[in-house]
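In what follows, a structure is listed as structure tokens, so that the remarks can point back to it.
The values are calculated or read from the model by the stated rules, or taken from the named source; none is laboratory data. Worth saying up front: this structure is predicted, and the values here are computed from it rather than measured. Neighbour counts are summed over all protein chains in view; Cβ atoms, including those assigned to glycine, are modelled from backbone coordinates with ideal geometry.
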Amino acid sequence: MNTMELLRADRVLSVVRAPEISDARDLCAALVAGGIHVVELTFTTPDLARHLERAASTAAETGAVVGAGTVQTGAQATQAVDAGAQFLVTPGQGPEAAAIVEVAHGAGVPVALAAFTPSEVMTALALGSDAVKIFPAHHLGPRYLKDLSGPFPGVPLLPSGGINASNARAFLDAGALAVSAGTDVVSPADVTAARWSDITTKAAAFVTALG
């Protein structure tokens with residue numbers, strides 16, 4: 001399956017924000033063991049390209065599909081796909097949003113531009129975004145996502161920010177393609193301390209909560 005098909009099947013991706021990652025391969029293996037196969041490593045982690053390369057080169061072992069998040073420039077997009085990223089995600093739509101889409105599609109990988117308002121969703125679609133990340137989703141909740149699905153039927157919406165095991169299912173029921181699991185599954189402290197079994201346990205609990 002490609003990334004979009006896998007997201008539809010799994011209904012969740014894990015967003016990793018940590019000051020350091022001791023081993024991206026072990027991190028990905030821990031998440032896959034808990035049932036989460038799509039992993040987003042972000043540019044807020046120093047030396048991201050090295051971690052992406054490690055995760056991508058061991059993907060056949062772990063079964064993970066790894067992409068880059070918090071992509072804000074065309075240069076970052078290029079760095080990410082060169083390191084093996086299988087998808088790109090932005091935190092918003094800055095002046096280089098079109099360049100990010102161009103890099104992603106040139107490399108044959110999907111991109112999710114972030115939006116919050118209906119106008120921003122329209123702009124993301126016009127720029128060629130394959131899915132639209134709704135961020136920060138928890139402020140207005142699942143009902144807002146359902147409202148967005150009205151004028152944008154069939155548009156893959158990916159809520160992110162404040163999604164946890166207690167509210168994730170509601171976002172899926174409201175029409176989300178998948179949900180982004182953040183620190184509820186992968187806490188920076190667990191990553192820094194290499195507590196992989198704890199991450200597996202939290203990932204499994206999150207997946208179970210999806211029903």
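The single residue among S166, S197 that is in a loop (DSSP other than H, G, I, E, B), modelled with pLDDT of 95 or more and of a type outside the set (D, E, K, R) turns out to be S166. Within the stretch 20-32, the set of residues being under 13 Å from R195 (Cβ atoms), of a type in the set (G, A, S) and part of a helix (DSSP H, G or I) comprises A30 only. Pairs are defined by a Cβ separation below 8 Å, a sequence spacing of at least 6 or placement on different chains, a first member in the stretch 54-71 that is touching a residue at least 12 places away in the same chain (Cβ under 8 Å), and a second member that is of a type in the set (F, W, Y) and in a loop (DSSP other than H, G, I, E, B); the pairs so defined are V65/F87; G67/F87; A68/F43; A68/F87; G69/F43; T70/F43; V71/F43.
When the residues of the stretch 26-41 are filtered to those that are under 15 Å from K202 (Cβ atoms), crowded, with 22+ Cβ neighbours inside 10 Å and not small (G, A, S), the one that is nearest to the chain's Cα centre (by Cα) is V39.
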